[in-house]
Structure formats: C-alpha cells, structure tokens
Amino acid sequence: MFDYHALAPELIVGGTLMAALLADLVLPEERKYLVGVVGIVGLVAALFPLLTLGFCEDLGFCSGATERVMFGGSYVVDDFALVMKGLFLVTGVISILMSVGYIESERYYQGEFYWLIVASVTGAVVMASSRDLITVFIGLELVSGPAFLLAGWRKGDVRSNEAALKFFLIGVLSAAILLFGMSLVYGLTGEITFEGIRAASATLADEPAFVMGVIFVLVGFGFKISAVPFHFWAPDTYQGAPTPVAAYLSVGSKAAGFVGLLTVCYLAFSEVASIWGPALWLLAALSMTIGNLTALKQTNIVRLLGFSSVAHAGFVLVPFAMAASYDAEGLQSAFFASITYLLVYAFMNLGAFAVVIAVAAKTGSAELDDWAGLSRYAPVPAVLLAVFFFSLAGIPPLAGWFAKLVMFRAVLGGTGAWGAALAVIAAVNAVIALAYYARVVKTAFMDPVPATVPLADAGAPIAPALVLALGVTAAVVVVAGFYPPILSFFGDAARALAFGG
Amino acid sequence: MIVNQFLVLGALLFSIGVYGVLVRRNAVLVLLSIELMLAAVNINLVAFGAFVDDAAAAGQVFALFVITVAAAEVGIGLAIVVLIFRNRSSANVDELDLMKW
Amino acid sequence: MTPLLHLFALASEGGEHGLDVVTDPGGFAGLLASWAWLIPVVPLVATFAIVLVGKRLPWKGWELAEGSIAFVAVYAVALLIANWQAPMAVEHHVTLSRIDSLPGLGDLVLEWGWVVDGLSIMMFTVVGVVGFFVFTYAKGYMEGDVRFTFFFASFSLFAGGMLVLVAAPNLIQLIVGWELVGVASYLLIGHWWEDHDNNAAAIKAFITNKVADVGLFVGVIILGITVGSFRISDVLDAVAHGDSAVAQVAFWAGLALFIGAMGKSAQMPFHVWLPDAMAGPTPVSSLMHAATMVTAGVYLVGRMFPLYQTPGMADDVKIIIVLVGGATLLLTGLIALVQDDIKKVLAYSTLSQLGYMTAAMGAGAYTAGLFHLFTHAFFKGLLFLAAGSVIHGVHSNDMSDMGGLRRFMPSTYRTFVIGSLALAGIFPLAGFWSKDEILASLSHDAGAGGGAAATLVLWLAILGAFVTAFYMARAVYLTFFGEYKGEGHPHESPRVMTWPLWGLAGLAVVAGFVNMPGLTSSFTDWLASRVHVMGDHHATALNWGLAVLGTAMALGGIAAGTRLFHRDAATQQERDRLRIPVLYPLLEQKYYFDHLYMNGVVGPIKGPIARFVVWTNQVVLDGVVHAFGAAARLASRFVYGWADQRGIDLAINAAAAGTGEAGSVVRRAQTGKVQQYAGALFAGAVLLVVGFLIFG
C-alpha cells in the first residue's frame, strides 16, 4: 500500500535523477550547466510535498495522524523526517549553486557531477525516514557512494585522488564495522525494525555482544559525522576534494550521519542509553577538543574548516551525550538542541565554504597567508567571511550564538557532574575556537596584501550562482541571529521524534 | 541449532579483514580485506537469520543487500585505485600522505 | 509606548510591550523615561549613518558622531535633573521573540528594553558627558587620519554598545551590549593596524575579555535557568525573596558574573590587556578608561548588587571581590611608578583606581564604589586627553622625551595638574570626596563583619593613596618641569582640543560636590532610586580621621615626588639621584620604594618585591591568558626567555600560544597515512567496547 503523498519527495528526487541523466545525454558540452539547473529545479520541487505534508491538516489535505507509517514500520514520514529532508534538499540546492561556476571552469564531466550530488541527496532523504537497519544502511551507502566519486573529481590532481582514496577506505571500513554491529544487534534481538529492537533490547544492556553491536553501530555513524577518533579522513578529504564537494560533505553528508545516529539512538537503542550515553560523551569531548586544538595550527582555510567541522560535530553531540541522565523532558530538550544546532551549522558552514570558493577564485589559493589584506581588494567577500566565521565562533548577533545557547541550556538542564564537566569543556572550546576564526578574519582585514596576490583577474565578478548561494546563507545566518525562531521552529517540530521514544 | 561456530568463524574472518586493512600496502589488497570483513558480516547475518527464524527472513535479505552494496563499493574503489595508479604508477596506500597535520 | 516601537513590537512574534513602572515620575519626566530607548539607539544609528554617508559629509562623519553623543549627554542630564526632583525607576520591555515551552526549560523570551533608574541615569550621564568632550577633542586629535570616518563610526559604536549595556533590563541584552563594547574596543585599539603591535594589543584585549566573558555567560545562564527569566528585576526579586533554588547556585553564579566583571574592569589577573590597549589612539584610551568598557564590570557588580549583598546568596563572593580589588589597587599602582610611557602611567593608574572601586563594591559600599566611578570618569578622561595633547605636541609617548612643557603648553599643563590633584585626592577636588568615601566604607566594613580582609584592604587603600600621589607627581614633573629633552618644537594643541580639557577640568573640580558627607547627598539619592537596593549602602558621615590620613598620604606622595623629580629631570641623573637615600628620613618605606623604582626601571638583582611585581605582571599573568594547555612547556619558556617574544605572533596567539602547543602535538596524529587512520578508527571502536565492558 503506497502512500504517494508521503513518498512524493523521494519520487520527485528519483525523477530528477532520471531527468538529469537524460539531460546530460542530450545537452552539448557548453550547455552542461543545465544539468545543474535540472537538479536544482528537481530538488526545489521536492520541497513542495514536504510543505504540504508538514502542514497537511492546516491545508485541509488530510486529517488525523500526521505520522505516516509504511512498509511494516520500516519507513516513516513524520515531522522529524520532513524537517531533515528539507535540510538535505536545501543543502543539495546550495551545494549545486556553489558548484556551477567552479565545475564549469574545470570543464569536464559537469553533468555527472550534478547527478552524483542529487544521488547522494537522495540517499540522505531516504535516511531521514528509515526506521529499520537495512533501510538506514542502504540510505547511508547511497549518501557515501556518490560522495566517494565526487571527492576524487579532479582526476589529474593527486591530492584529489588521495582525498578520494582516504575517504573511500575509511568509509568502507566503517561501513563494515557498522554492518558487523548491525548483525550482532539483529542476532541478539531477532528484529530489524527500530521499534522491534527497542522492545527486545531492554534486558540486553549487560550482554557483551550487544554492547559491542551498539558501539560498532555508533562507530559507523561516528565516521559519517567525523567525530574523533573517527575523523582523520575528514580534513584530508576536504582539502583534496573540490571545495563545493567539501562543503557538501561537511554539511549534507554529516547531517545524514547525525540523522542516522539520532534515529538509531533515540528509537532503536533508547532502552540502553546507558551504553551510548557515555560513549557519546567521550566522543563529544574528544571531538571538540582535538578538532579545535588541531584547527589552531592550520594554514589552509579548507583544512581549517575541516577541523572546525570536527569540532562542531562535537558541539552537536554535546546535548545528547547527556541523554542517559535525562528524564523524558530532558531528552526532548537535548534532541531539540542537537537539531537546532545542526540546522544553524548547516547554513553557516555552507556559507563559509561558499566564501572560500569565492575568495579562492580571487587569490588563487586557500592558504591563509595568501588571504592577507583581502578586505582591501575584495571588501564584500571579506565581510561575508567575517560574518560566517564569527557565526561559527558563536558571536552574537549571528545565528551561531543561538545554536551554542540552546546547546548549553540543554546540557546544563541535565543533572550531575558529568553534564557540568561537558559544559565546561564546551565553554573552553568555544573560546579556543574563537582564536582561529578570529585569526582568519584578522588576516583578511588587517594584514598587508602579499605581492603574489591578488590574481590578475581578481576583479572578475563572482559566478552568479555562487552569489545566490552566498546571499541565501548569509541572509539566513544574519536573520536567524536576530530572530532565531525561523530555524528553531523546525528544531521544535523535529522534536516529535523524541516524544515517540 | 548451534550458532556459535558460525559466529566464531565470522569474528575470525572479520579480524583477518581488519588485519589486512591495517597492514597490507597495496590498495587492491586492502580492498579485498574489506571484502573479507563484509563476508564475515554476511556469515553472521545468515547464521543469525537461520537462528532467529523470523518470518520475513530479514537476515538473509540483509545479506543480499550487503552483497549488492559491496559490489557497488568495490566498483567505486577500484575506479579510485586505477586513477591513483595512473597518476603515481603505484597503488601503495602508505605512500599517500601529501595532506597531513 | 512610542509609535516606532509599537510597530516593531507588532512585527515581532507575540509582540508585547511591558511597562514596569516602579516609581513613575509621571508628567514630563515620565515621558523622558519612556523615550529613553533613544539613548542607546541614537549612537548606534549614527554608527550606521557614518559608515554609509560619513565620507560625503563636510566633516567626514564627525558631526554625526558628535551630534549623537551630544544628544545622549543632553538627554542624560535632563534625566538626571528629573531624577533629582522626583526619583524614578522605570523598566520597559519589548518582546522580540519567544520560543514557547522548550522542554524542561520553559519559555525562552528574548526581550529588548531599557531601564531608567538612578544607576543607569548616572551611567548615561558619565558616558554622554565625558563622551561629548572626548568626541570633540578627537576631531582635533584624529585630523588627517586615513580612517577618520571609520574611527568615528567605531567610536559611536563603542559609546552605543556601552549604552545598550547600561540600559539593559535583562541579562541577554546586557551580553549584547557587553559584546558590542568588546568588538568596538577591538576595532579602536587596533585602529592603526599597520603597526603589528597595535594589532597584538587589540587581539589581546579581545581575547582576554573573551576568556573572562565565559564567566559572564556561565553566570547568566545559571541565573536565567534557575530563575526562569533573564530579566534582571526577576532575578533580583528571586534574590530578595530568598528563593532557595537561587540560593543554591548563587555563590557560583555570583562568582562567574564577577569573573566576567574582572575581565572588563581589568582586575588582576585579567588586567593585562589594559596597559597594552594604550596602542589605540589617545581619545580611545580616554573614553575607554573613563566612561565605557572598564566601568562595565563595576557597573555589572553594582547592577547585581543585591545578589552579593543578601545573606545566604552570593555574599561569600564579597570577600573575593574585596581582596581582588585590594590587590589590584596597590600592585598596579606600584607598577605605575616605574613606567616611562605617559599613557602607561595613566593606564596603570586606572587599574589601581578600578581596584578601589572593586574593593568598595566588595565591602558592600554600593554608593562609594559608583561614586568613585563617577568622579574618576571626569578626571581620568581629562588626564588622558591632556596626555594626548602632550603626545600630539611632542610626537612621543616617552616621558624622557618631554620635560619643561609647561612653558609651551600652558592649558595642557594646568588642566593636567588639576586632573592629577583630583586623582591624588586633594581637598576639595572630586577625587578627595570619592576616595574618602571608599576609605570610610572600608573602615565601616572592617568594623561590621568584613573582618580581616576588609582591614587589610583598608590599609592597602591608604597606602595606595600615597602611591597614587607619588606617581602622578612624578608624571607631572617629568613631563612639564625641567628642560625639554625631545626633538622639534612642542606647541600647544588647537582650540578644539584644549577646550574639552578645560571642560573636563571644571567637572573634575566640582563633580565631588554632589556627595559631600553631611552637606549634600544628591549622589546617594540618585543611586538609591532603583527597584532593588539592598543592604547598607554606607551614606557614611565624613570620617575625619581617615580624611586627614588619606590627605596626609597624598601630600606625602606629592612631597616624595617633588623631592625626587622636581627641577632636574634628565633621566640618567634622575636615576642616579635615587641611589641617595633621600626618602629614608621621610618615610619608613623608603627602602621599599627606592628599590622598587630602581628595579622596575633598571632591573638589577636587588629588590625582590619590585621584581616580583613586574615579573608577575609580565610573566605569570600574561601566562594565565596564554596558558590553556601546555603549562609545563610554557613555564619553561617564561623562565628562560619571557622577553623573547619575537617568534610568536602574539596578535594571533594570545589564547592560542598555550593551546597552540597542544595543537602542535595533537596535529601530529594527523599523519596522512590512511592505514593509521583506519587503525585509530578501529582502536577507538575496540576501546569503547572494552571500556564499557570494564567500567560500564
């Protein structure tokens, strides 16, 4: 029994994939950017059924339960899934916008490039609704597979090769570990759906094999969100991959990992929070600290953003690392905080990468030293750089501060010394992070312009699609800073998932 | 039905796979080691599937999906390895450290 | 409610506008209070206007800045008069947005508002009036600067941010203002960013403040979550009612807030940024030291005063406050003695005076602490402007390049002396009244439960009076007496710079008269007109004994300074003269000061105390900022070569130097070898499992 309304986003994205392939086939080389347009149109079109689903009752399309359960509980479209699908689609759109000018200048395989991004987004969209082990695994691999190829897109560039290989090997290894964990979980509970696992797992918390299963599953997702110590691939891959791909990896792919982690932890393993709670506590603390400390010493901006995204993964983990000690209300607030942080992070990090692309086109490099004095010859990108980086640092009134605020509120809402300790670690890290974000901004605004840059064509206008991406992300970051409800509304809606658990 | 023997086999195979991933230098062998790990997973799944004996045969279905996905991944992996071999005339993974620190 | 805000409120979700009138003055005064939101808004609007159109205006945007600050000054004085006639305490709240029913946390309401009561009016007045003079002066000082327009935009932002902070009726808005001030100070200190040191100073200030800000954030979050509201009045209500949940967290919240205050108000050990902040243009120093920025911390303690004063709440923090204040006031005063840079003398002097204010707050002397803030604003603003005038005339900060300037710069000389006397606390200038009130309060506190700490700090404060007079006398003699030792021909500054000097000099003379014990108590009354005034705020009578003692110490300091530095002030000879034990007959402490001076400047082996003070200042305390992380590595670096800071990009690494070491170590893990990554991944998984099975 298919609920076509509920599946409409997936169907539209799937149709888009077909259309993009077809377009790639018939379009002449100089028109290949139209494949990207097809992708954008399709992804945007897929947003509409999300809206009609989300406001189903308000629009009078349907009545009764807003949660649509399909395929024997394996596929569920609820408010959480809708919000995350929306995030993935928007991320996909912005990533394509960022790519258009960039890939066009590289002059090869444009069509396939956009197709792969849409394919990866499809996987993420599926993941948001997955409620059993098989579906979530397929979704995860559909996110990763195209991303491996995208990371190695510049075939002649050994760095890009290396980025792809590292990403691929670590990705497949972690997938194997994830699968091994899943097989143990399946074997001990006899269930494949999250609901069934939850019902069967209450007595298994002390069973060593089950502990191993749960933790191996966490590791699999830990790779995706690049939490320490599963993060090593991330900075190398971001640096070597084409920058728009790095942006997509650091936001879309990472958010997909969080979706998997959140659904698995809250729905399948909610009875055994005593296992994953402490594990995530450790991952959160390590990710923030190691990510930030290493970022301090980076000289390449993309690499710096790579470590920064590791640290941000830690910040997102902070609220629900304390889940084991929360009551039902605390769990919801932790969930709300993680989702809201993720939403805010998505926009500011995409924006930061978009700025990097725009600036690197002028300086010819993403090395920090070459960015000195950027504000002299490229004032607008320099200001946007400051906006996004300060937002990442959490300085009011940019959106990042609100993310940090809800994060601290959630963790301080818990009880006990562990929550306080994690809050202190997070606070110290927030200060450390400021140092390297501020350093980039300081270099761009205050240091003298080096002789080798800007490039002769530094005055060339920024690609229109990139301008659009910058505009959208900057607008969201600034507006959400002054008026957080535009993002926290969605975080609030997504909280429905935690009610169910 | 006794499931332990299968699990021990699975665990052994998985460990051999991990060893191979960590130690072999040639990228193709690393890929093969990962395949070993996935094979271990399949043994687990099928054994558990038979042991649990659920109506939907989820274990077996899962194993089929794993095989399919593994094939796709190897396709991607070999493509990347070929690229690297073309550019560097070597497929040794421990020589790839252009980006570090 | 004003039409503009009405629209704003309607536009925002769940827009509602709350008026919390506690003492409604009614009539014109009430109207003034309800329009007081203009006070922070006008300078902020001016900032934007200057950025947008400043360069096209005849005075390059200065007129907008000056106009906005003049508006603030006039409005604040009008409020002051209204408050004088009928005390008022009015709060307005506008809901900007609300997020309903966050689970377990209730509603998060973001509000904007303004509070008009004695305390905020006093701060408005200080910022407005001192700001007005400084802005005027800055037009002359900054004439011809390449970023003249940008400077005034930042300057307006600086004042506007401070006004946002002062007007804040809730803690979130207070943080916004707090951060605006921080950002503006960063822009201003680094105004001449071509010079690397200025950059370093700017970032040092910013980072030091950021570190302390963590305290503020933690305190605000604790209070907000415990009370369920970020409104200051709600928090203080809970405190006044002895709410037990608040009582539980009060100590930590109070301590955390005070740490935030220590950062902005540059109390030890967070004081390190302030002397370096001299790198900014002199008008910036003047505004920063007198009215904005450093007063924010003292203001915060004053605003949250009931929290510290109510028994069972954060009253245990008071002893920390008083000791921090006491240590700061004396130790930094001593450092001022050995500085050769005229602005640094004044900077350390500010630190010392902030120590007085903090100590007073810690002793429960709400009025005395804020009164000193008030008077200090005028004479310290004056001293900086006068110093700036000197620097403008001789193109050097170093007092060894000056001397004999009283002949060339009569206005500057006279006003500087007035400011110095006021600072030294000579009757009947402003500093006399406020410093005496602090001494009296400390003495009162020592007798009323403050215990040994208050007694100790009282003696430190009395000693501080001597030191204050001593270093100011030294600065006056080295700068204005003796022979001119610099290059070129010094000249008096233009009129636009001298008349603000005279204006502030006038205020430095009369500002103390508003609170003469036994005669007038206007200032006490102003400050008392707020919703929550707690405890005993010491409207003490003149303590004759302390007044005489304090004055005697000040005169002693001047005498010592005169003896040492009058007439011939050629630097080398002056130092030689110090070897002669001139001070011995005068003061028991001669040995102590003599060697302090010698060691501070010349740095030989003797004089452990001076060395300790200087060493602590430059090594340990800087280190606190630098030293998250690899403490051991840093300690060895400090011992072997603290002066060797060539290799370190201080500008960047203020916070990073310590963490940077750790970062260097940590990044080694990123070997680039994919198999090691895989190993780490697998090891992580196994360790988690094993760890859980063993410890779980």
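Structure above, values below:
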read-out	value
Whichever residue in region A:130-157 is open to solvent by less than 20 Å² (accessible area, probe 1.4 Å) and of a type in the set (Ser, Thr, Tyr) and, among such residues, is farthest from the chain's Cα centre (by Cα)	A:130
Helices (runs of 4 or more DSSP H) within region A:411-501 that include 1 or more residues at pLDDT 80 or above	A:416-446, A:464-482, A:485-494
Unique match (being over 14 Å from the mean Cα position of the chain (by Cα) and at pLDDT 90 or above) among B:13, B:9	B:9
Answer residue from region B:1-30, given it is within 8 Å of another protein chain (Cβ to nearest Cβ) and over 16 Å from residue A:216 (Cβ atoms) and is surrounded by the most Cβ atoms within 10 Å (Cβ to Cβ) among those	B:30
Which listed residue is closer than 30 Å to residue A:364 by Cα, within 11 Å of chain C (Cβ to nearest Cβ) and over 16 Å from the mean Cα position of the chain (by Cα), from A:241, A:279, A:234, A:295	A:295
Filter result (part of a helix (DSSP H, G or I) and crowded, with 21+ Cβ neighbours inside 10 Å) within region C:309-329	C:309, C:314, C:317, C:318, C:321, C:322, C:324, C:325, C:326, C:328, C:329
Which numbered condition residue C:416 fails, given (1) among the aromatic types (Phe, Trp, Tyr); (2) open to solvent by 10 Å² or more (accessible area, probe 1.4 Å); (3) in contact (Cβ under 8 Å) with a residue 40 or more places away in the chain	(2)
Selection within region A:180-191 - touching a Leu at 6+ places or on another chain (Cβ under 7 Å) and within 8 Å of chain B (Cβ to nearest Cβ)	A:182, A:183, A:186
Some residue of region C:386-409 being touching a Phe, Trp or Tyr at 6+ places or on another chain (Cβ under 7 Å) and closer than 30 Å to residue C:442 by Cα	no
Residues located in region C:368-413, provided they are open to solvent by 10 Å² or more (accessible area, probe 1.4 Å) and of a type in the set (Lys, Arg)	C:406, C:407
Filter result for the condition that a residue is on the phi > 0 side of the Ramachandran plot and either buried (at least 24 other Cβ atoms within 10 Å of the Cβ) or hydroxyl-bearing (Ser, Thr, Tyr) (or both), over A:270, A:274, A:253, A:226	A:226
Positions within region A:192-211 being facing another protein chain (nearest Cβ under 8 Å) and buried (at least 23 other Cβ atoms within 10 Å of the Cβ), in sequence order	A:192, A:211
Near pairs, Cβ below 6 angstrom, 6+ apart or cross-chain, from region B:18-33 (in contact (Cβ under 8 Å) with a residue 12 or more places away in the chain) to any residue that is open to solvent by 60 Å² or more (accessible area, probe 1.4 Å)	B:30/B:24
Sole exception among (1) within 12 Å of chain C (Cβ to nearest Cβ); (2) in a helix (DSSP H, G or I); (3) modelled with pLDDT of 90 or more for residue A:255, by number	(1)
Residues of region B:82-101 satisfying the condition of being surrounded by 17 or more Cβ atoms within 10 Å (Cβ to Cβ) and more than 12 Å from chain C (Cβ to nearest Cβ)	B:83, B:91
Top-ranked residue in region C:673-696 [being open to solvent by 70 Å² or more (accessible area, probe 1.4 Å) and farther than 18 Å from residue A:284 by Cβ; ranked as farthest from the other protein chains (Cβ to nearest Cβ)]	C:694
Lone qualifier among B:72, B:50 - being aliphatic (A, V, I, L, M), modelled with pLDDT of 90 or more and over 10 Å from the mean Cα position of the chain (by Cα)	B:72
Of all residues making up region B:52-71, the number that are open to solvent by 60 Å² or more (accessible area, probe 1.4 Å) and either more than 7 Å from chain A (Cβ to nearest Cβ) or among the small types (Gly, Ala, Ser) (or both)	8
Residue check for residue B:41: free of Cβ contacts under 8 Å to residues at least 60 places away in the same chain, in a helix (DSSP H, G or I) and facing chain A (nearest Cβ under 8 Å)	yes
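The values are calculated or read from the model by the stated rules, or taken from the named source; none is laboratory data. These numbers were taken from a predicted model, which means no experiment stands behind them. No Cβ is skipped: glycine too gets one built from the backbone with ideal geometry, and neighbour counts run over all protein chains shown. Accessible surface is based on the protein model in full, side chains and every heavy atom, while ligands, DNA and RNA are left aside. Shrake-Rupley method; radii C 1.70, N 1.55, O 1.52, S 1.80 Å.
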